[in-house]
1. Of the residues that make up region 238-250, is at least one within 21 Å of Ile308 (Cβ to Cβ), among the hydroxyl-bearing types (Ser, Thr, Tyr) and in the same structural domain as Leu293 (by TED's automatic domain parsing)?
2. Condition first: without any contact (Cβ under 8 Å) to a residue 60 or more places away in the chain, among the hydrophobic types (A, V, I, L, M, F, W, C) and surrounded by fewer than 16 Cβ atoms within 10 Å (Cβ to Cβ). Can you find one or more residues in region 269-291 that meet it?
3. Name the strands (runs of 3 or more DSSP E) wholly inside region 321-402 in which the number of residues that are modelled with pLDDT under 95, under 28 Å from Glu141 (Cα atoms) and in contact with a Leu (Cβ under 6 Å, 6 or more places away or on another chain) is 1 or more.
4. Among what's in region 142-161 and is modelled with pLDDT under 95 and within 27 Å of Ile285 (Cβ to Cβ), pick the residue that is surrounded by the fewest Cβ atoms within 10 Å (Cβ to Cβ).
5. Look through Asp298, Asp264, Asp354 and report the one residue that is touching a Cys at 6+ places or on another chain (Cβ under 9 Å) and either of a type outside the set (A, V, I, L, M, F, W, C) or at positive phi (or both).
6. Looking at Thr237, Thr227, Thr170, Thr197 in this structure, which one is crowded, with 16+ Cβ neighbours inside 10 Å and of a type in the set (Val, Ile, Thr)?
7. Report, by residue number, each residue of region 326-360 that is under 26 Å from Ile279 (Cα atoms), of a type outside the set (A, V, I, L, M, F, W, C) and surrounded by fewer than 16 Cβ atoms within 10 Å (Cβ to Cβ).
8. Are any residues in region 167-208 charged (D, E, K, R), touching a Phe, Trp or Tyr at 6+ places or on another chain (Cβ under 9 Å) and closer than 17 Å to Ser127 by Cα, and if so, which ones?
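The values are calculated or read from the model by the stated rules, or taken from the named source; none is laboratory data. A quick note: this is a predicted structure, and the numbers were derived from the prediction, not measured. Note that we place each Cβ from the backbone using ideal geometry, even for glycine, and neighbour counts take in every protein chain shown.
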Amino acid sequence: MSGLLDKASAVKDAEIVETVAEKAPPEPVKEKISATSSEQTFMDQASKIGLGLGALGFIGMWFLDNYFLEDLTGPVPFGLVALALLGGSFYMVWDSLNREKTIVLVVAYLLMTSVPYLAGLEFGEDSIGIAELNIDETNNELTFVVRGSFSEATSTIEVGGESVWSDTQTLSADMVRFKAPLSAVFQGNSQNNILATVLSYTLTVESNSGATETVEITPSLLNREVTHSGARITLITETTTDSDSTSTSEAGLQIETILGMFSDSATAINNGDHSMSNIKNYLPISSDYTIQLKVMQDSSQKWQSPVIEVDGTSAQWVSEVSGTQVGNSDRWLAIPGTGYDPNTGTIEILERDDFFEDDGCYTFQVIVTNEFYDGSTAVHTSSNSWELSWDDPGVDDSMPTC
């Protein structure tokens, strides 16, 4: 009996050993997990690099929209570089994403990048592209680019329906840049102070294949004449204190001017002010012109400022007290003076003794010389007048209009 029990026990022990051996986790599984993790890390890196290349390719394609590189090489060479970046992107992400996601990504890339790239290409001989209309302030020219798959183009500019300029050029790499002198083109401001078009400038391009394209020249490019100006004055006083009393006297005036286009009804108002201090319906002018201010009493000139030269809206002058200075003519511009504000020591003023003789009506005359192009100018003058009663210092500083 005991022998049978021993045999049974031995059989059970053998079964247990076999079962445990079968259930023990095999070591190769751990190694397999480690290999999968390493492979996944590599795929993540490849995916990031691929997406980075895709972003560069996308940006490169959209750079075609400004035509800068096309002017040098045409759209195709640079477009191929961008396409190569996108191709590299697809290759890098192909194995790190499933096929469906990669295909969706490819389609999205192509849709987003095809618009600017195709915009840089020409679709047959009947397609004319006109772009990059600008004013070359240095050479006083209106410049623009014509693009197309034809060999020759004739450009004509009309003002108010009348032709003022025409030129024919041969295209190279499907483009050519025209330069129209402002001496021929400019016939007056295109807009008024509220941006309504008052004089229309149109550009027509005709190819040697018979196709034509007409566009309106951007009106703001041809607002080049200062037609309005104004002045305002601010009284600067000086207080003197001695052992017995305190007295106030007129040290001088800070003078400012505004130029451009604004309402004909704008005018000087009391206290040395101007209605354009509350700027409204104002259009600054970007062009070449000079500014000078004169102070008159009756018909006698009492003082004149240095000449201020403006290029675009950047103004420059030489002050007798502070040397070469710069400012902007697209807002109220301070006129250089003969001394400094005694209270701050930083603001230039026209000192009293440099222009004031006795009580009376003083006129502040702004003279603007428009320089449209070499040899052509137009002078605009405005006058604003105020009563100055300074014979008795500090008694009457109201400065009413006169």
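1. Narrowing region 238-250 to residues within 21 Å of Ile308 (Cβ to Cβ): none.
Checking region 238-250: not a single residue is within 21 Å of Ile308 (Cβ to Cβ), among the hydroxyl-bearing types (Ser, Thr, Tyr) and in the same structural domain as Leu293 (by TED's automatic domain parsing).
2. Scanning region 269-291, I find at least one residue that is without any contact (Cβ under 8 Å) to a residue 60 or more places away in the chain, among the hydrophobic types (A, V, I, L, M, F, W, C) and surrounded by fewer than 16 Cβ atoms within 10 Å (Cβ to Cβ), so the answer is yes.
3. On the way: elements: 323-328, 348-351, 360-373, 376-388.
In region 321-402, 360-373 are the strands (runs of 3 or more DSSP E) which contain 1 or more residues that are modelled with pLDDT under 95, under 28 Å from Glu141 (Cα atoms) and in contact with a Leu (Cβ under 6 Å, 6 or more places away or on another chain).
4. This residue is Gly161.
5. One residue alone meets the criteria, Asp298.
6. Numbers: Thr237 fails: crowded, with 16+ Cβ neighbours inside 10 Å; Thr170 fails: crowded, with 16+ Cβ neighbours inside 10 Å; Thr197 fails: crowded, with 16+ Cβ neighbours inside 10 Å.
Answer to the check: Thr227.
7. The initial filter retains those residues of region 326-360 that are under 26 Å from Ile279 (Cα atoms), namely 326-337, 341, 346-350.
Remaining after also requiring of a type outside the set (A, V, I, L, M, F, W, C): 327-331, 336-337, 341, 346, 348.
Asn328, Arg331, Thr346, listed by residue number.
8. Listed by number, the residues that qualify are Asp174, Arg177.
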